[in-house]
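K.L.:
A single structure is presented below for examination.
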Amino acid sequence: MSSPQTSDPHSGDSGSARYGNQPRGVPAPGYRPPDPPSQPPGEKYPPSQQPPPDEKYPPSGEEYPPPGEKYPPSGEKYPPSQPPPGEKYPPSQQPPSGYGPEDPQYPTPPEGYDPKKPPEPEPYKPTPDEPSTYKPADSKPPRRCPPSMSCDTSGIDKLKCENEGVKAEAAERAASAIPLENRHKAFEAARTAYRTERTAAKTSVDALTTRLKDLLDTIECKVRADRRPAIKSAFDEVLACIRECSETADDGVPEDCGFTGEQWTTDRIAGLRARVEKVEKHFDEKLATEPEALKGRVTAVTKLVDDLAKAKDVEPQDWERLYVQALEADWRLKTVYRPFDDANKYQDDLCRGLTCSLEGRGLLAKLVADKTFEDCQASARRTRCDDLRKNLVSETIAAVKQPSSVAEETSTGRP
């Protein structure tokens, strides 16, 4: 079969098989321009080299003399520039004193100029190429499979797959409907209860702060002065380790929910589901239960202060141990509202947790629908291919008899 004709200016007989496709405006390697045309008869010089009127060219290798002068004798050329009459250059060929760069007729050379060093070439700047206007020949339309089908049934497969995608999305939304409704109820209950517990906690915390200050001062006086810095340093070191523990780290809900600023595709459904579930876990276990947790922290620190007040009056006392217990009570009292500075900060986080859960579940439902549609389309294609393999002979005979099938495409040059 002969090669199909092409309009590609870089193919054919222009040498592309030997040198490869060349960019526009650049000659191919080995290119030689055509010889110049022969001179017309009766002319000695080409038009571009005709001498001016009433003048003659000097002998080869010589230059024009100044006006009013004649050519020097044959074989001689003008000598280099001569010094003024009556003066001669020294053997070193240097000009006499007062005749050189300091003379006003000579411009001052730039700084760093070296007459023996050749000038550096300018950097190469290629001329930008014009955009190519080459357009390949129109490709053939996609081949129908099986080729014997004169009625295209791919639309039926697509409609079926779209219906399956809708069903998968509906099932995903239905599975998360009840948990989302429960979170909505928890949101309404928690934001009301938190304000009540926060008000009660403030009254208790203010009273405990005054009591603990007096206890801490009394116990600290019983501890040797040279031991206090070591005890405080060790206590701070333990607190730093507690803050680094993963069990106590609480990242909260990010401003972007942790997933809204990314592009999600069907192959990342598992990763998206994990992020959504992390937000929901924080909402269920931290945010929705914060009112009760705040009440429990106030109760716990109240017990620490009460036990400390009783222990200081019991003999004999371990004052260093009581000092550490007082430091612990002070730390827990200062962090009783953690990590919310006020009620508004808590409600903002509570609202973000709920809305991120809702948005994440909607995004998951759409991705599940897309994945179901893709799997369905792939399954339909495998079914058609399996049918071709089982009925290879009958499909081939049908393709030969059908004018618009593969047989016609092959005759027009399609592989």
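K.L.:
Return yes when SER404 is small (Gly, Ala, Ser), modelled with pLDDT under 90 and in a helix (DSSP H, G or I) and no when it is not. Even if it seems obvious, please write down each step before you answer.
P.N.:
Values: small (Gly, Ala, Ser): yes; modelled with pLDDT under 90: yes; in a helix (DSSP H, G or I): no.
Here the answer is no, as SER404 does not meet what is asked.
K.L.:
Still on this structure, please answer the following. If only one of ASP226, ASP217 is farther than 30 Å from LEU388 by Cα, out of contact with any helix residue (DSSP H, G or I) (no Cβ under 7 Å at 6 or more places or on another chain) and open to solvent by 80 Å² or more (accessible area, probe 1.4 Å), which one is it? Quick ask: steps written out before the conclusion?
P.N.:
Details: ASP217 fails: open to solvent by 80 Å² or more (accessible area, probe 1.4 Å).
Going through ASP226, ASP217 in turn, the sole match is ASP226.
K.L.:
Here is a further query. Look at the range 326-337 and say how many of its residues are surrounded by fewer than 16 Cβ atoms within 10 Å (Cβ to Cβ) and under 30 Å from ASN182 (Cα atoms).
P.N.:
1
K.L.:
Mind checking which pairs have a first residue in the range 298-325 that is surrounded by 13 or more Cβ atoms within 10 Å (Cβ to Cβ) and a second that is hydroxyl-bearing (Ser, Thr, Tyr), Cβ under 8 Å, 6 or more apart or different chains?
P.N.:
Within 8 Å, the pairs are VAL298/SER204; THR302/SER204; LYS312/THR218.
K.L.:
Quick one: in the range 178-197, which of the residues that are touching a helix residue (DSSP H, G or I) at 6+ places or on another chain (Cβ under 9 Å) and of a type in the set (A, V, I, L, M, F, W, C) is least open to solvent (accessible area, probe 1.4 Å)?
P.N.:
Selected residue: ALA190.
The values are calculated or read from the model by the stated rules, or taken from the named source; none is laboratory data. Being a predicted model, the structure only gives us computed values, none of them experimental. Using ideal geometry, Cβ is built from the backbone for each residue, glycine included, and neighbour counts are taken over all protein chains shown. Surface accessibility is based on the protein's heavy atoms, side chains included, excluding ligands, DNA and RNA. Shrake-Rupley method; radii C 1.70, N 1.55, O 1.52, S 1.80 Å.
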